[in-house]
Amino acid sequence: MSGSRPAAVMVLAAGEGTRMKSRSPKVLHSLCGRTMLGHVLAAARELDPDELVVVVGHGRDEVSTEVGEQVPQARVVVQEEQLGTGHAVRMITEALGVFRGTVLVTYGDMPLLRAETLRRLAACHSEAGNAATVLTARGDAAGYGRIVRDAGGGFVRIVEDSDVTPAERAIGEYNSGCYAFDGALLADAIKRVTTDNNQNQEYLTDVLEIVRRDGHQIGTVLAADAAEVQGINDRVQLAAARRALNDRILEHWMRAGVTIADPASTWVDVTVTIEPDAEVGPQTQLQGQTAIASGARVGPGCLLEDTAVGADAIVLHAVCRRAEIGAGATVGPFAYLRPGSRVEQNAHVGTYVEVKNSVIGAGAKVPHLTYVGDAHIGERSNIGAGTIFANYDGVAKHRTTVGHDVFIGSDTVLVAPLTVGDGAYTAAGSAITADVPSGALGIARGRQHNSEGWVERNREGTRSAQAASRARAALPTRGDDPPETPAE
Ligand code: UD1
Ligand code: CA
């Protein structure tokens, strides 16, 4: 097919979308990691048009911001009042003049539309030498404009759902809302569209009849996949579109060599990348700029946002945001990696562990019940169960540095700012408030004192007291009770 670039792609996105019942403009609702409008813009820019124009109106500030983020070079035209799709295109021609060449027009509420389909529409349009070409679809036409043809099958006009006669209602071919026009003819015909219809709107669809009556040739292209041209008007249609797009994304990755155990419960954004031989388990969502390397196993039960997972790493029942997981590392079950967390090669973050803005060095282990905040843990160090990196003094955050091959005893509190040198130890249950030099044992806790016979004296008649008596009776006979002694 010809690769001719369109002079312009116009995206209409000024409508409110009342059927969404939402504070946000309809086209800003998201599916699979992008707004509806974002998907449409991504497809449009793949055609590399000379100009990409977006009409905004309802929620124009928010919608313009989204356009600027997605396609900074796009032109934005404001439609003050939403007087119809034809009026929207008229606002573009009034603001920007005539585009010479092929102009594609599409709507901001068609997120499933593929760039290939737009390209095929443009190619058929120029190969046939049409003045205008409509992308149509077949199936349940309820709600859509119907394609009216003459006895010979030639295109006559599009009649809107709200204007159909009973006979026209039965037509099974409908307007997708995507068109290719000759730019000069469009600019002329758009001025002649009236509001003579049941919605008192300027319909873009009327341009086709006007151009045909002028004696020009109108063509149609049937969409291969009707699902692709679904217009989203409410949240039920949005959910269906999300499901369909997700299926498309998962199929792409499975065909590229990724194992997806349960596609029904796996959700992957369009922006995610996954290498062959990675495995994605059930109940898993991969979002944003997440990247999964070959041989990694993610899931069941993971939510990963903007997270890189290295080759052969294992991530199980974890929530990870803006984190990096090195090759061969293991995370979870039940771990939470917050932004700025880097788990290096072959390191392990285990169960009920939360990590924030910290590095877990290569081969280091943080296996159980720990909070690591604003810390750097060296290679091969072991962090005992229940360790807390106390990074916040109520006013400011402070950092902790733990060297290589360190052993942090269970239930240690490391009160930042703090440095624990290479090869140092801390005793279990210590509240470490000062640096521990390399190779030292840091111990910071009260000494244990055993008050002999306390239970029998103070808890007479309890099961504990009875057990203590039995244990004492079983001991070899002694003289007087020994004096109380420190335990250590
Ligand atoms: C439109 C088509 C219909 C087609 C259907 C496909 C017309 C008159 N009808 O109907 O033939 O089958 O799409 O989904 O075009 N918009 C503006 N300014 C406006 C009005 C709408 O920018 O003044 C934008 C909306 O934001 C939306 C798009 O145009 O993204 C389509 O508008 P919508 O009201 O959804 O049109 P439909 O009634 O679905
Ligand atoms: Ca619509």
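The values are calculated or read from the model by the stated rules, or taken from the named source; none is laboratory data. These numbers come from a predicted model, not from an experiment. So basically every Cβ, Gly included, is an ideal-geometry build from the backbone, and we count neighbours across all protein chains shown. With ligands, DNA and RNA removed, areas are computed over all heavy atoms of the protein, side chains included. Shrake-Rupley method; radii C 1.70, N 1.55, O 1.52, S 1.80 Å.
P(r) tail for the range 8-229, what percent of Cα pairs lie past 29 Å? In whole percent, the long-distance tail amounts to 19. In sequence order, the range 365-375 has phi-based couplings of 10, 10, x, 9, 6, 9, 10, 10, x, 6, 10 Hz under the Karplus curve 6.51 cos²θ - 1.76 cosθ + 1.60, θ = phi - 60°, and Gly or Pro positions carry x. Taking amide H positions as modeled 1.01 Å from N, with prolines and chain starts lacking one, the residues under 5 Å from residue 314 and 5 or more places away or on another chain are 297, 329, 330, 331. Quick one: 3J(HN,Hα) in Hz for the range 348-362, Karplus 6.51/-1.76/1.60 with θ = phi - 60°, rounded, Gly and Pro as x. My calculation for the range 348-362 gives 10, 10, x, 7, 6, 10, 10, 10, 9, 6, 9, 10, 9, x, 3 Hz in order.
Size descriptors for the range 344-488, from the alpha-carbon set: Rg then Dmax equal 20.6, 60 Å.
Along the axis of the charge dipole computed for the chain (Cβ charges of +1 for Lys and Arg, -1 for Asp and Glu, origin at the Cα centre), the listed residues 464, 474, 65 are led at the positive end by 474. Residue by residue, the range 376-393 carries 3J(HN,Hα) couplings of 10, 9, x, 5, 6, 6, 10, 9, x, 4, x, 6, 10, 8, 7, 9, 10, 9 Hz when phi is fed to the Karplus relation 6.51 cos²θ - 1.76 cosθ + 1.60 (θ = phi - 60°); x denotes Gly or Pro. Placing +1 on the Cβ of every Lys and Arg and -1 on the Cβ of every Asp and Glu, with no other charges, gives the range 32-162 a dipole of roughly 460 debye about its Cα centre. Of the solvent-accessible surface of the range 257-442, computed with a 1.4 Å probe and all protein chains present, 54% belongs to carbon and sulfur. Extending 7 Å from Cα along the Cβ direction at residue 81 and again at residue 447 yields two label points whose distance is 9.0 nm. For residue 356, a cut-off of 12 angstrom between C-alpha atoms picks up these aspartates and glutamates, skipping any fewer than 8 places away in its own chain: 324, 374. Given R₀ = 60 Å, FRET efficiency for residue 398-residue 466 by Cβ-Cβ distance, to 0.05? It comes to 0.75. Of all lysines in the structure, not one has an alpha carbon short of 22 Å from that of residue 21, not counting any fewer than 8 places away in one chain. Within the chain, all pairs of alpha-carbon atoms sorted by distance into 20 Å bins from zero give the percentages 20, 34, 24, 14, 6, 1, 0.
Counting Cα-Cα pairs of the range 120-270 in 10 Å increments starting at 0 gives whole-percent bin shares of 10, 33, 30, 17, 9, 1.
All C-alpha pair distances within the range 257-442, sorted into 10 Å bins from zero, spread as 11, 39, 28, 15, 5, 0 percent across the bins. Each of 309, 355, 413 was placed along the dipole of the range 257-442 (beta-carbon charges, centred on the mean Cα), and the one lying farthest toward the positive end is 413.
The residues of the range 8-229 expose on average 42 square angstrom of accessible surface per residue, using a 1.4 Å probe on protein heavy atoms. May I ask for the longest run of the chain untouched by trypsin sites (Lys or Arg not before Pro) that are loop-located per DSSP and have at most 12 neighbouring C-beta atoms (other than their own) within 10 Å? Longest site-free region, per DSSP loop and neighbour criteria: 24-446.
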